[in-house]
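See structure below.
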Amino acid sequence: QFYTHTHTHTLTHAAPFAMPFFQFPYVVNEWPIRLNGLIVCSIAVLGIVFRDEEAMQWVVAGLCVDFLAKIVWGGSATIAPAFGIVFTKWLPVRLTPGSPKQFAGLCGFFFTFLATLLFFAAESPIAASVVLGLLAAASFLEAVFNLCAACLMMGFAIQFGLIDANHTAKCDEFLEETDRMFRERVQTSYPRHNREILVYKLNKDGEPTRVDLRYKQKSDEDRWGDFHPIKHVMISDQGMSMGVAAIAAVWKISSLLDESPRALWITLAIIAASLWGIQTLLYLIKLVIYPKKVYKEWMHPDLSNMFAGLPINLLLFAFLAVGESDVCVQILFWSGAPLSALFAILALGNWFGSSQYYEMMSPSWVIPVVGPLLAALVGPSVPDVDLSNAIWLFFGLPALLGLTLFVLNFRRWALEPPVTDLQEILLFALLAVPSVMTMALPGLTGGFGAASYVTFSISVAMAIWFLWLAVWHNKFSAPADRNYWVLVFSVSAYAGACYTYYQLADPSVLGQIWAYSANFVASYACIVVTLHSLRLMIWRKYYVPADKWGPLSFMKLTHYAYKEALDDLTEMAGTLDADNANEFANTLEGLVLMHHSHAHYEDEILFKDYDGYIPGFQDEIGIESEHQAADSGLDALAAKIEALRSGGSTAGIEEQLAAIVPVLTDHLENEERNLIAYPRKYVARKTHKRLIRESFRARPIEEWRKVLPFIINKLPYHPMRVRFLRCFQWAMPEEMEKLGIMLFNGCSRNMFERVARDVPAIVPRGLYLSKKTLDFNWYRRYW
């Protein structure tokens, strides 16, 4: 804690900004880092003992890459820390600032990079062992005694002015918040409730109809505790077996070139088949017990594309069976190929058969295209039948659709990128199309011809593009979820394309390095995503309801700011005196102003629009009377604000607050239980955006200058602040700089900097925070 206690200072808005490098977190948990130190120490010791073994030298090189990934994306994107994160659920939370740990990762990279150079370039295992010995000693101190030598070095560097102190000073502000979020979201177990379905009839005097409002009164705690492997298994879980089967296919190609053991890809194939069997069985049970949920996924414009994962898995297994069992190849191919073509045709029909929102376009639309391309890859290897002409039927239309969807997605993401980062990782699905085409074309044309060179060049260009997006533009940083298996599948397909190029077009050392590098990245990604999937299952966060949100989610997020402000006021009221009276008055004033603003656009805009869908529902659940009771109680408290600021009497304030808090809390819970569901069920997304624009313009700008910073400051967790601002960005991106100026003047420097890191659209002109904000600083204005 040397750097924490000796260099904490107040940062002003006039001070130079010091954004964290890349996507490394502000705050990290000590335990995964210490487990990582134990793993690094073990590898370093093994590297010393087996320094003459080439395989061990490559392991040290892999550790060097692991450190590099840690520097850029943090521990969650690397194998060793991800392994440690799996077990943190049962360990006490011990948080520490992130910047010194990033510096420690830089030191680890330096040691392992130097050792790798000594192994391969200088061919001096003894010298490399000396370097690894220093790394082992530092890692041992970290793992056993929690003594971070690099952190001490950084503390001295700050003390002597070699490193900007802003990089560490900002971390302390978020330690308590991160600790609270980890305990609430990870270490707390929530009971699972079976809520009954409530029905509100649109025609009060008639019989119930299918268009009546049906909903369950659910809270966030209900969603967090609703772990159910059957009810909440999703068709997108097919991606898990797709990813493992694809990496098994890559290692099979490597084995055929006598460059890896045969047992490795067979083991991966067995794991993939087992995963596919378990996930498919769970989904079939879900189809029987919860058919409506399966139907919703089938009709969803994004999730429905993953139904193509079923035949894709069959075709991947057929590829793995080639040369092993002719019967299995025939069964799997003739089961998967027609289904893949059927799903591609159905997907195409759905796109043209019903109107699609432009903003709903997703890279996942490419997934049904990959299935027929895999059929074209496996088809020439099917025994006892000549498919040399017919197999082109599986290639032509998917190739055209793949090109078309790439153009559409390029236009979508370049001109109007979605505000949610949940779909970013699906961009990797675009890489799978040219990669599988590169693998399939030699079997169709009899060699690696001009068409194969074109598709392989496209694959390479896209891979470099994605790497640039990840490193320079901080993309693909969303929390781990099911979608990351699409990344594993697509990068594995790219590795297969690189092996095809190496085998048929360029069997030189350069081609070999290209193939090996792609295989390493694909295998590395598979291990990391596997560890995170295991973590989510152990933490009971995998088979839970999806986290759904839209533009109007800012209403519910405002409730969290309400509750936090009420908790702060209650805590201060117990010890209200001259020392905290002014802070109490400021918080009370912000709460009153936020309440009146929130209630106004509920009563005058939102509820009036909702009434067109569900007439009289707000009156039925008593919203109007609750607003009146809250208004009178808060106005009575607001009358004492000036007295508090001038040092007047505080008598009776605690009693008044104790009386109004239950009223407001019950009102918020009533809205969350009954009102949250039906805008999502009835109101179109375009209407969502119109309502949030009208709500923003319904209140004076001077009021927003006070209300918006108050909400951001009172929201308890950083992801809530980011989502709140993205709700506005979704509806009115042209106004984000205006909101940014309000936050810059109304929030602390650290708070603004952290939010701007994830919502760069709020950064005002002239304020340079990072390379990521340049797009919004210049591109949207006249020069």
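The values are calculated or read from the model by the stated rules, or taken from the named source; none is laboratory data. Because the structure is predicted, anything quoted here is derived from the model rather than measured. Glycine gets a Cβ as well: all are built from the backbone with ideal geometry, and neighbour counts include every protein chain shown. Please note that ligands, DNA and RNA were not included when accessible areas were found on the heavy atoms of the full protein model with its side chains. Shrake-Rupley method; radii C 1.70, N 1.55, O 1.52, S 1.80 Å.
Output the residue which, of all residues in region 304-327 that are in a helix (DSSP H, G or I) and among the β-branched types (V, I, T), is nearest to V250 (Cα to Cα). I'd like the intermediate steps shown before the answer.
Initially, region 304-327 is screened for residues in a helix (DSSP H, G or I), giving 304-321, 326-327.
With the extra rule that they be among the β-branched types (V, I, T), the set shrinks to 312, 327.
Working: I312: 15, V327: 22 Å.
Restricting to residues being in a helix (DSSP H, G or I) and among the β-branched types (V, I, T), the top hit is I312.
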Do the conditions hold for L287, that is, is it open to solvent by 60 Å² or more (accessible area, probe 1.4 Å), in contact with a helix residue (DSSP H, G or I) (Cβ under 8 Å, 6 or more places away or on another chain), without any contact (Cβ under 8 Å) to a residue 12 or more places away in the chain and within 26 Å of W365 (Cα to Cα)? yes
Somewhere in region 414-422, is a residue assigned to a helix (DSSP H, G or I) and surrounded by fewer than 16 Cβ atoms within 10 Å (Cβ to Cβ)? yes
Can you say whether S632 is modelled with pLDDT under 85 and small (G, A, S), as far as the supplied structure shows? no
Limited to region 193-227, what total is found for residues that are within 16 Å of Y543 (Cα to Cα) and not in a loop (DSSP other than H, G, I, E, B)? 6
Out of the residues in region 643-668 meeting the condition of being open to solvent by 70 Å² or more (accessible area, probe 1.4 Å) and in contact (Cβ under 8 Å) with a residue 24 or more places away in the chain, tell me which one is farthest from D577 (Cα to Cα). D666
Please state which one of S517, S553, S508 is of a type in the set (G, A, S) and under 30 Å from Y283 (Cβ atoms). S553
Those residues of region 84-106 which are at pLDDT 80 or above and either more than 19 Å from E30 (Cβ to Cβ) or surrounded by fewer than 21 Cβ atoms within 10 Å (Cβ to Cβ) (or both) amount to R94, L95, T96, L106
Restricting to region 466-495, what's the tally of residues that are assigned to a helix (DSSP H, G or I) and either in contact with a helix residue (DSSP H, G or I) (Cβ under 9 Å, 6 or more places away or on another chain) or under 21 Å from C526 (Cβ atoms) (or both)? 18
Quick one: in region 469-489, of everything that is over 12 Å from the mean Cα position of the chain (by Cα) and at pLDDT 90 or above, which residue is surrounded by the fewest Cβ atoms within 10 Å (Cβ to Cβ)? L487
Checking the structure you have, find out if any residue of region 570-579 is over 36 Å from the mean Cα position of the chain (by Cα) and among the β-branched types (V, I, T). yes
Is it true that S517 is within 17 Å of E259 (Cβ to Cβ), open to solvent by 30 Å² or more (accessible area, probe 1.4 Å) and either basic (K, R) or part of a helix (DSSP H, G or I) (or both)? yes
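So that you can scan it fast, the table gives a plain yes or no per residue for (1) over 22 Å from P479 (Cβ atoms); (2) open to solvent by 60 Å² or more (accessible area, probe 1.4 Å):
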position: A677; (1), (2): yes, no
position: A684; (1), (2): yes, no
position: K689; (1), (2): yes, no
position: P700; (1), (2): yes, yes
position: K706; (1), (2): yes, yes
position: F710; (1), (2): yes, no
position: K714; (1), (2): yes, no
position: M720; (1), (2): no, no
position: R726; (1), (2): no, no
Between R697, R685, R680, R673, which is more than 26 Å from E571 (Cα to Cα) and modelled with pLDDT of 90 or more? R697
Can you tell me which condition T4 does not meet? The list is (1) part of a loop (DSSP other than H, G, I, E, B); (2) at pLDDT below 50; (3) not aromatic (F, W, Y), and all the others hold. (1)
Scan region 524-575 for residues that are assigned to a helix (DSSP H, G or I), open to solvent by 20 Å² or more (accessible area, probe 1.4 Å) and among the small types (G, A, S) and report the count. 1
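Taking into account only those residues within region 344-367 that are in a loop (DSSP other than H, G, I, E, B) and without any contact (Cβ under 8 Å) to a residue 60 or more places away in the chain, which is surrounded by the most Cβ atoms within 10 Å (Cβ to Cβ)?
Among those that are in a loop (DSSP other than H, G, I, E, B) and without any contact (Cβ under 8 Å) to a residue 60 or more places away in the chain, it is M361.
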Of the residues that sit in region 728-756 and are at pLDDT 90 or above and of a type in the set (S, T, N, Q), which one is most open to solvent (accessible area, probe 1.4 Å)? N745
Single residue of region 607-635 satisfying the filter (open to solvent by 40 Å² or more (accessible area, probe 1.4 Å) and among the small types (G, A, S)) that is nearest to E671 (Cα to Cα): S625
Does region 313-321 include one or more residues that are under 18 Å from V436 (Cα atoms) and open to solvent by 30 Å² or more (accessible area, probe 1.4 Å)? yes
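Please specify each residue of region 123-139 satisfying the condition of being open to solvent by less than 20 Å² (accessible area, probe 1.4 Å) and either not hydrophobic (A, V, I, L, M, F, W, C) or not in a helix (DSSP H, G or I) (or both). Quick ask: steps written out before the conclusion?
Taking region 123-139 as the starting set, the residues that turn out to be open to solvent by less than 20 Å² (accessible area, probe 1.4 Å) are 128-129, 131-132, 135-136, 139.
S129, S139 - these are the residues of region 123-139 that are open to solvent by less than 20 Å² (accessible area, probe 1.4 Å) and either not hydrophobic (A, V, I, L, M, F, W, C) or not in a helix (DSSP H, G or I) (or both).
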